[in-house]
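Inspection log for the structure reproduced underneath, given as structure tokens.
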Amino acid sequence: MGEWYLEYEVQVNRPGLLGDISSLLGMLRVNIVTINGVDGGRRGMLLRADNDDQIERFAQIASTMDTIQVKKIREPKLRDILAVRHGRYIQRDVDERKTFRFLRSELGVLVDFMAEIFKQDGHKLIGVRGMPRVGKTESVVAASVCANKKWIFLSSTMIKQTVRNTLMGDEFSSDNIFILDGIVTRRAEDERHMQLVREMMRMPTIKVVEHPDMFVQHSEYDIEDFDYIIELRTDPDQEITYEIMEKNHMMSNPGTMGGSGLFNF
């Protein structure tokens, strides 16, 4: 049974319109899985059908109706699923199509978005941009929990400045979510840590890099290597800059990257 996403715009709003559309889908033996309003007054549906002919027949009939205008009929993308689930599309950069923008007030949607990515198999490289205390690390951890995945910090400032140079036992599993802080990793002087990062990057698993722009500096990786870039802000006008963040890292670790402010194991 195949899944489809249907999105239509109401042209003539009248009582019973949704019931008529639902009845038509029912007669064609198409099941409605989820239904919700989405952006711009449109309505979205996730559908299941035994074969493509049933969907094509619905599209033909719908094209003759003056009460609705079908906007999309396609296999559901991740944004379609989330739009029906949350009632709106997540914001995507017009020019950089792999860049998605969220506000701190939308952490629930962000966690849901990342959790769906985390459930996928194979390699995915995800970059997360955002200023301190906006919720980057917390969202990644929460999404890992939602996806029923174990998270592994390779570098972090969650508690204290931490750099890993080894993994043990089941930490090498491809089912784990590997998280690193791009600023901490870029400043790390331990070659064993960088070797671990390279080994992790070759694994067919999910990798999340906070501050990806800093991570790619002085490394063999490029921003084009990322499959998704997520930007998280407190408000829409907040500028993401790295001067303050680097100062914060310097203050939290006044010595070198092996000093008393660092957990290195």
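The values are calculated or read from the model by the stated rules, or taken from the named source; none is laboratory data. Every value quoted in this text rests on a predicted model; they were computed, and no experiment measured them. Cβ sites come from the backbone with ideal geometry, for glycine too, and all protein chains shown count toward neighbours. With ligands, DNA and RNA removed, areas are computed over all heavy atoms of the protein, side chains included. Shrake-Rupley method; radii C 1.70, N 1.55, O 1.52, S 1.80 Å.
What is the distance in Å between the Cα centroid of the range 180-240 and that of the range 13-29?
Their Cα centres are 48 Å away from one another.
Once you charge only the Cβ atoms, +1 for Lys and Arg and -1 for Asp and Glu, what is the size of the charge dipole of the chain about its Cα centre, to the nearest 20 debye?
Details: 35 positive and 41 negative charges, 121 e Å.
Dipole size: approximately 580 debye.
Scanning the chain for GluC sites (Glu not before Pro) in DSSP loops with at most 12 other Cβ atoms within 10 Å, what's the longest stretch left with none?
Counting at most 12 other Cβ atoms within 10 Å as exposed, the longest clean stretch of the chain is 1-95.
Quick one: the Cα spread of the range 16-82 along its three principal axes, in angstroms, biggest first?
27, 26, 17
Choose one answer from Val141, Val197, Val70: the residue with the largest mean-square fluctuation in a GNM of the chain with alpha-carbon springs under 10 Å.
Judging by the Gaussian network model, the answer is Val70.
Picking from Val145, Ser174, Met158, whose Cα lies most toward the positive end of the charge dipole for the range 129-179 (charges on Cβ: Lys, Arg +1; Asp, Glu -1)?
Positive-end residue among those listed: Met158.
Tell me, in nm to one decimal, what length is gained between Ile61 and Met27 on full extension, where the rule is 0.36 nm per residue of separation less the Cα-Cα distance? Intermediate values should be presented prior to the final figure.
Details: separation 34, 0.36 × 34 = 12.24 nm, distance 1.21 nm.
Contour length minus the Cα-Cα distance gives 11.0 nm.
For the pair Glu171/Asp20, report the inter-label distance in nm, with labels modelled 7 Å from Cα in the Cβ direction.
6.3
Determine the shape class of the chain: with a ≥ b ≥ c the square roots of the Cα gyration tensor eigenvalues, call it rounded for a/c under 1.5, and otherwise prolate if a/b is greater than b/c, oblate otherwise.
Working: a/c = 3.25, a/b = 2.28, b/c = 1.42.
Cα axes put the chain in the prolate bin.
Which entries in Lys77/Lys160; Lys98/Lys207; Lys124/Lys150 show an alpha-carbon gap greater than 27 Å?
Lys77/Lys160
Under 5 Å between amide hydrogens, which residues at least 5 positions from Gln91 or on another chain qualify, with H placed 1.01 Å from N in the peptide plane?
Amide H neighbours of Gln91: Arg101.
Ile229's amide H: which non-local residues (gap 5+, or another chain) put their own amide H closer than 5 Å, with H modeled 1.01 Å from N in plane and none for Pro or chain starts?
Thr99, Phe100, Gly127
Suppose only helical runs count, i.e. DSSP H with n ≥ 4. What mean residue ellipticity at 222 nm does that imply for the chain under -39500 (n - 2.57) per run, divided by all residues and rounded to the nearest 500 deg cm²/dmol?
Computed mean residue ellipticity for the chain: -9500 deg cm²/dmol.
If each residue of separation counts as 0.36 nm, what is the full-extension length gain between His218 and Arg85 once their alpha-carbon separation is subtracted?
Between His218 and Arg85, full extension yields 43.8 nm more.
Quick check: at a probe of 1.4 Å, how many percent of the accessible area of the chain sits on carbon and sulfur atoms? Walk me through the intermediate numbers first.
Details: 6540 of 13440 Å².
Summing carbon and sulfur atoms, their accessible area is 49 percent of the total for the chain.
Taking only protein heavy atoms and a 1.4 Å probe, what accessible area per residue, in Å², does the chain have with all protein chains in place?
Spelled out: the 1.4 Å probe surface of the chain, per residue, equals 51 Å².
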